[in-house]
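Structure, as structure tokens:
The values are calculated or read from the model by the stated rules, or taken from the named source; none is laboratory data. Computed from a predicted structure; not experimentally measured. With ideal geometry, Cβ positions are generated from the backbone for all residues, glycine too; neighbour counts draw on all protein chains shown. Heads up: the accessible areas ignore ligands, DNA and RNA and are worked out on the full protein's heavy atoms, side chains in. Shrake-Rupley method; radii C 1.70, N 1.55, O 1.52, S 1.80 Å.
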Amino acid sequence: MSETRSNIPPSTPRPDAPASLLSESQRRDYDEQGFVVLRGFFEPSELETWTQRLDALVSGRIEIPEGMLVMRDVMVAKGVVHPTTPLEAIAKIQDFHNDPVLFDGYSKHGKLLDWVADFIGPDIKMIHNMLINKPPNVDGRHPLHQDLLYFPFRPADQIVATWTALEACTRENGCLVVVPGSHKGELLAHENPGWDHLNLAYFGAKGVGASEDRVHLEMEPGDIVFFHPILLHGSGQNRSTGFRRAISTHYASAACQFLPGAQSVGDMRPYLIVRGSEHEGCI
């Protein structure tokens, strides 16, 4: 049985970590554009470990941990597409907080948390994680949206997403797209676009469409992007013959507070302290 995440102590800052890792230009880019990309952040051996874990989970070589959601692509679930391998059926895995290889290896990665602290402060909670598979031969698009939609607490500036390419992410295989500067706006109303095949909860910001201002973020394996929860972003269809895999965790300051009447979704998706201290009366 997998070890319960609440029994594992939070990470501590590395003693050799500088007071601030973000350079002035990186901080300026994040403030003005809503995202910053760091090249070659993770080692190839780390990427291989996480990719192999995905393969093992989907193929059934290891048991699915409690609370983990293995999500089939909607076209597979409806019988429109008939995959030839188990991996080709899976859109993504969510909620890997009970998997020590993924959670301890990525979400609690010391170097990653050092950088996260530069964005949201020293007391850090993991609020969401996922391993994205994006197989070929399906639609798989995600319309432009804002992640703040999924988080019932504020302030938004104390939330940050991390998204790491496990393999090359290109326009052909459906890399991330972002709308620079859109994080300076407000949380928009979201809806299901009128697409024939849309995965569960792949909402799109109402009235935005495919925005002419969008930028494609082509990334090499090990590159990471940090982005603001109000930044409009999405991804296109994988038109290649391979996969487009990435691993992602969202973090929030432990000092964030729930919106009036809101509450945590509980054990289904717990907000777990990964560095620093809890704050009484907060998330």
Does residue 202 fit the bill of being at pLDDT below 95 and touching a strand residue (DSSP E or B) at 6+ places or on another chain (Cβ under 6 Å)?
yes
How many residues does the range 211-224 contain that are surrounded by 14 or more Cβ atoms within 10 Å (Cβ to Cβ) and not in a strand (DSSP E or B)?
6
Condition test on residue 55, is it among the acidic types (Asp, Glu), within 30 Å of residue 20 (Cβ to Cβ) and in a helix (DSSP H, G or I)?
no
What are the residue pairs meeting all of these: first residue in the range 98-118, first residue closer than 14 Å to residue 273 by Cα, second residue among the aromatic types (Phe, Trp, Tyr) and part of a loop (DSSP other than H, G, I, E, B), Cβ atoms under 7 Å, and 6 or more apart or on different chains?
103/96
In the range 243-254, residues that are within 27 Å of residue 89 (Cα to Cα) and in a loop (DSSP other than H, G, I, E, B) total 3
Residue count, the range 70-117 (criterion: more than 30 Å from residue 24 (Cβ to Cβ) and among the basic types (Lys, Arg))
3
If a residue must be within 27 Å of residue 234 (Cα to Cα) and touching a strand residue (DSSP E or B) at 6+ places or on another chain (Cβ under 6 Å), how many such residues does the range 258-273 contain?
3
Pull up the range 226-242, narrow it to residues that are of a type in the set (A, V, I, L, M, F, W, C) and not in a loop (DSSP other than H, G, I, E, B), then point me to the one that is surrounded by the fewest Cβ atoms within 10 Å (Cβ to Cβ).
226
Can you tell me which of (1) crowded, with 20+ Cβ neighbours inside 10 Å; (2) of a type in the set (D, E, K, R); (3) more than 22 Å from residue 220 (Cα to Cα) is the one residue 92 doesn't meet?
(3)
Can you list residue pairs whose Cβ atoms sit under 6 Å apart, with the first residue in the range 34-62 being surrounded by fewer than 19 Cβ atoms within 10 Å (Cβ to Cβ) and the second being assigned to a helix (DSSP H, G or I)? Count only pairs 6 or more apart in sequence or on different chains.
62/56
Filter result (open to solvent by 20 Å² or more (accessible area, probe 1.4 Å) and either in contact with a Phe, Trp or Tyr (Cβ under 9 Å, 6 or more places away or on another chain) or not in a helix (DSSP H, G or I) (or both)) within the range 104-116:
105, 108, 109, 111, 115
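Check the range 255-273 and report whether any residue there is assigned to a loop (DSSP other than H, G, I, E, B) and open to solvent by less than 10 Å² (accessible area, probe 1.4 Å).
So far as the range 255-273 goes, yes, one or more of its residues are assigned to a loop (DSSP other than H, G, I, E, B) and open to solvent by less than 10 Å² (accessible area, probe 1.4 Å).
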Could you say which residue among 207, 181 is surrounded by fewer than 19 Cβ atoms within 10 Å (Cβ to Cβ), touching a residue at least 24 places away in the same chain (Cβ under 8 Å) and on the phi > 0 side of the Ramachandran plot?
181
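Just give me the residues in the range 89-103 being in a helix (DSSP H, G or I) and within 13 Å of the chain's Cα centre (by Cα), in sequence order. Show your work before the answer.
Residues of the range 89-103 that are in a helix (DSSP H, G or I), as a first pass: 89, 100-103.
Scanning the range 89-103 gives 102, 103.
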